[in-house]
Amino acid sequence: HVRSRRQRQMCIRDSGKTVNVVAGALSGTDANNYTLTSTNTTTTADITAKGITGTITADNKVYDGTKSATTNGALNGLIAGDTVILASSGSFTDKNAATGKTVNVVAGALSGADAGNYVLTGSNTSTTADIVQANLTIIANNASKIADGIPYAGGNGVRYLGFVGAEDASVLGGTLAYGGSAQGATNAGNY
């Protein structure tokens with residue numbers, strides 16, 4: 001008995017489904033001694049959900065000050081043509097930029113038109129991805145003075161573009177140093 005895809009889905013999702021049967025010819029060494037007078041035309045059977053496994057990966061990201069990770073779940077063992085999606089989530093072990101960082105991942109629920117035909121039997125619990133350094137721009141503020149014969153040194157402060165979240169210059173180390181043609185200049189001009 002051939003069933004449509006929808007009928008197959010209904011059979012797989014329910015137990016004790018009706019199975020239509022058709023008796024064939026008798027065979028065997030003593031088959032000629034018997035005549036088949038009747039047989040049942042239906043019976044019941046269960047089709048259990050197919051076990052499949054998941055593989056979760058994580059996307060690389062630019063540093064954003066958080067451990068959050070974007071994950072993607074792929075399924076192994078699906079029957080061709082079936083639509084099933086694996087939800088997943090994950091987080092980096094810390095927020096800092098580096099390559100090949102560990103991401104702890106968790107497989108979520110199956111969804112999609114054919115999800116009821118499958119059961120997730122296993123999935124990886126970690127993967128790796130990169131956190132790429134964010135771009136930070138430091139801009140020296142303009143400064144001016146009246147020429148007085150004293151060499152110019154230092155600067156007029158700076159501003160920053162590109163910090164993420166609540167981070168600011170306090171997360172940087174070292175000492176701010178100025179350079180350029182203005183340093184040591186004594187004559188009037190633009191530097």
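The values are calculated or read from the model by the stated rules, or taken from the named source; none is laboratory data. Note that the structure is predicted; figures quoted are calculated from it, not measured. Glycine gets a Cβ as well: all are built from the backbone with ideal geometry, and neighbour counts include every protein chain shown. For accessibility, only protein heavy atoms count, side chains too; no ligands or nucleic acids. Shrake-Rupley method; radii C 1.70, N 1.55, O 1.52, S 1.80 Å.
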In nanometres, the difference between 0.36 nm per residue of separation and the alpha-carbon distance of residue 167 and residue 23 is 44.2 nm
Report, by chain and number, residues whose modeled amide H sits under 5 Å from the one on residue 124, excluding near sequence neighbours (fewer than 5 apart, same chain).
54, 56
Cα gyration tensor category, rounded, prolate or oblate, for region 27-81 with a/c compared to 1.5
prolate
When only C-alpha pairs under 8 Å and at least 6 residues apart count, what is the relative contact order of region 92-147, in percent?
42 percent
Within region 143-186: backbone nitrogen closer than 20 Å to the residue 62 label point (7 Å, Cα to C-beta)
159-169, 171-172
For region 23-36, in residue order, the Karplus 3J(HN,Hα) values (coefficients 6.51, -1.76, 1.60; θ = phi - 60°; whole Hz; Gly and Pro = x) are 6, x, 7, 6, 9, x, 5, 10, 4, 5, 8, 10, 10, 7
Let me check against my output: what whole-number percent is the relative contact order of the chain, with C-alpha pairs under 8 Å and at least 6 apart?
18 percent
Heavy-atom accessible surface of the chain: percent carbon and sulfur, 1.4 Å
51 percent
Extreme residue, positive dipole direction of the chain, given options 58, 188, 77 (C-beta unit charges)
77
So with the 1.4 Å probe, I'd like the accessible area per residue for the chain, rounded to whole Å².
67 Å²
Whole-Hz Karplus ³J(HN,Hα) for region 93-102, in order, using 6.51 cos²θ - 1.76 cosθ + 1.60 and θ = phi - 60°, x for Gly and Pro?
5, 8, 8, 7, 5, 4, 9, x, 7, 6
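Any chance you could run the full-extension gain for residue 41 through residue 140? It's 0.36 nm times the residue separation minus the Cα-Cα distance, nm to one decimal. Display every interim value, and only then the final one.
Values: separation 99, 0.36 × 99 = 35.64 nm, distance 8.85 nm.
Result for the pair: 26.8 nm of gain on full extension.
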The list (1) 42, 38, 35; (2) 59, 41, 24; (3) 128, 27, 25 gives values of Cα extents along the principal axes in Å, and only one came from this structure; which label was calculated from it?
(3)
Peptides 107-119, 146-158, 74-86, 24-36 ordered by average Cβ neighbours within 10 Å, highest first
107-119, 74-86, 146-158, 24-36
